[in-house]
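S.K.: Pasting a structure here, questions to come.
The values are calculated or read from the model by the stated rules, or taken from the named source; none is laboratory data. Since the structure is predicted, the reported quantities are computational estimates derived from the model, not experimental observations. All Cβ positions, even for glycine, are placed from backbone atoms using ideal geometry, and neighbour counts span all protein chains on display. Keep in mind that these areas ignore ligands, DNA and RNA; they rest on the heavy atoms of the full protein, side chains included. Shrake-Rupley method; radii C 1.70, N 1.55, O 1.52, S 1.80 Å.
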Amino acid sequence: MGGPLLSQRRNLVTEIPGPESQTLMRRKKAAVAAGVGHVVPVSIVAAGGGILIDVDGNSLIDLGSGIAVTGVGNSAPAVVEAITRQAQLFTHTCFTVTPYDGYVAVAEKLNSITPGHHEKRTALFNTGSEAVENSIKMARSFTNKHAVVVFDHAFHGRTNLTMGMTAKNVPYKNGFGPFAPEIHRVPTSYPFRDGLGGVEAADIALLQIDRQIGASNLAAIVIEPIQGEGGFIEPARGFLPALCEWAAANGVVFILDEVQTGFARTGDLFAADDESLVPDLIVTGKGIAGGLPLAAVTGRAEIMNSPRPGGIGGTFAGNPISCAAALATIETYEKDDLAGRAREVGTIIDEVFSELGESDDRIGDIRGRGAMKAIEIVHSGSTDPNPLLTGSVAAFAAQHGVVVLTCGTYGNVIRFLPPLTISDDLLREGLRVVVDGFRANSQSQFTDERNS
Ligand SMILES: *Cc1c(COP(=O)(O)O)cnc(C)c1O
């Protein structure tokens, strides 16, 4: 029995992973490709609210939401009801063979809630990567240009085109080339490391775009408003508006990849809302459908309508059960004001780590917005990345029943993406375990390891 009725407490009855989880991992190792890894190797049998239950009877606190997916909580009642109802009616027709209401209703909804009041259209896909790829197809078709600009530390997915758009080599790209041509990477705004204001950082990126690519060759600029896998890097204010304005003035499609930041996560329905950005296209996924696979591209009608019929689609794209889930999920974000709740979650995370940061100078930076927060971990008294300590703290948390994710180009960021429906008490308890992880890994031990 999953869902929100699960008792919302952490409770460990075995080591992590327990014996039954270890059995699954042995089967996994013998049956599943090694490239498919795990953060915490436990076998989950139920989940709800902020709790994951494993096969050994352990209750773990979920501070990752399956990578920012279950914002409305796991097996949220409205979502379960919607997908059950839809499953009994029909499971698939292929929207491009014989259409149905749910797909159109999701498109209408996204057109109305995404930034900007211009005429919009939407197309649905299965994954964030697939949606990002399709946003590039739209932009190229519309502009008749080929070049695409992406940024340092970007993550846009694992398909060939999006892998090329992603910055980090290991594990995402190493050995998987050749990559698609005409992808150009420019510096981003990374206040903790570049110390620049947003407009200054934008000037550097735009100068490079102008000198190395040229607007007349450039179809699109694609950027995450807060970079996800790259380290929850929140650009300095003014950076994104400057890029957006330059794109508009130069006939370049400005695409926001909100696959991770979208749907109430950052304390606004979309991260773009924070600086009143209006992208030409916005890409969404992850939190869109309460855990079911769905992603979307939404944006200016003239761009979205550029590819001819048949040019955009996919067998499963906009599956009716995923669409039913999305409608129930989006209604929940709105009805329960989960954007407001995300801000409360963010305040609690800030409070806990500001306090730790006062006594522990290995906390280099605390950043992010709403329930998309991270701490960047460094060697004492420097800005040198400390991935070893980061891994140790995350491992400590897992052993003590808290699932946290790491990220970052340098592997030195712990990120918090709790379900927005998590209770204050459970959240605080989970964060306390992470703080204990810092205390358990004493300062001197990790200073030594750097020098060895
Ligand atoms: C996860 C992610 C993607 C890729 O989404 P998938 O559903 O894993 O293909 C793309 N962009 C961003 C910003 C993401 O966080």
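S.K.: Of the residues S380, S322, which single one is open to solvent by 40 Å² or more (accessible area, probe 1.4 Å) and small (G, A, S)?
M.R.: The match here is S380.
S.K.: May I pose another question? Within region 396-410, can one find any residue that is outside the structural domain of D273 (by TED's automatic domain parsing) and at pLDDT below 95? Please lay out each step first, then the result.
M.R.: In the first step, residues of region 396-410 are kept if they are outside the structural domain of D273 (by TED's automatic domain parsing); the result is 396-410.
Next, from what is left, pick out any that are at pLDDT below 95: none.
Taking every residue of region 396-410 in turn, none turns out to be outside the structural domain of D273 (by TED's automatic domain parsing) and at pLDDT below 95.
S.K.: A further question on this structure: Considering only residues that are out of contact with any strand residue (DSSP E or B) (no Cβ under 9 Å at 6 or more places or on another chain) and either open to solvent by 20 Å² or more (accessible area, probe 1.4 Å) or without any contact (Cβ under 8 Å) to a residue 60 or more places away in the chain (or both), look in region 246-288 and name the one that is farthest from N74 (Cα to Cα).
M.R.: Once the filter is applied, the top-ranked residue is A249.
S.K.: Still on this structure: Take region 264-288 and flag every residue that is within 12 Å of the ligand (Cβ to nearest atom) and in a loop (DSSP other than H, G, I, E, B). Before you say what the answer is, go through the steps one by one.
M.R.: Taking region 264-288 and keeping what is within 12 Å of the ligand (Cβ to nearest atom), we get 265, 271, 282-288.
Across region 264-288, the qualifying residues are R265, G285.
S.K.: Looking at D360, D365, can you tell me which residue is among the acidic types (D, E) and surrounded by 18 or more Cβ atoms within 10 Å (Cβ to Cβ)?
M.R.: It is D365.
S.K.: On the given criteria, is G231 touching a residue at least 40 places away in the same chain (Cβ under 8 Å) and closer than 15 Å to A167 by Cβ?
M.R.: yes
S.K.: Test G291 against the stated conditions and say whether it is farther than 18 Å from T114 by Cα and within 11 Å of the ligand (Cβ to nearest atom).
M.R.: Values: farther than 18 Å from T114 by Cα: yes; within 11 Å of the ligand (Cβ to nearest atom): no.
Answer is no for this residue.
S.K.: Also, I was wondering about something else. Being assigned by TED's automatic domain parsing to the domain that holds F263, out of contact with any Asp or Glu (no Cβ under 7 Å at 6 or more places or on another chain) and among the small types (G, A, S) narrows it down to one residue among A82, A30, A34; which is it?
M.R.: A82
S.K.: Can you go through E258, E302, E245 and tell me which one is modelled with pLDDT of 95 or more and under 23 Å from G197 (Cβ atoms)?
M.R.: E245
S.K.: OK, next. Residues of region 185-205 being open to solvent by 50 Å² or more (accessible area, probe 1.4 Å) and outside any helix (DSSP H, G or I), which ones?
M.R.: Listed by number, the residues that qualify are R185, G195.
S.K.: Sort out for me the helices (runs of 4 or more DSSP H) sitting completely within region 61-167 that have 3 or more residues that are open to solvent by 30 Å² or more (accessible area, probe 1.4 Å) and within 16 Å of the ligand (Cβ to nearest atom).
M.R.: Result: 128-143.
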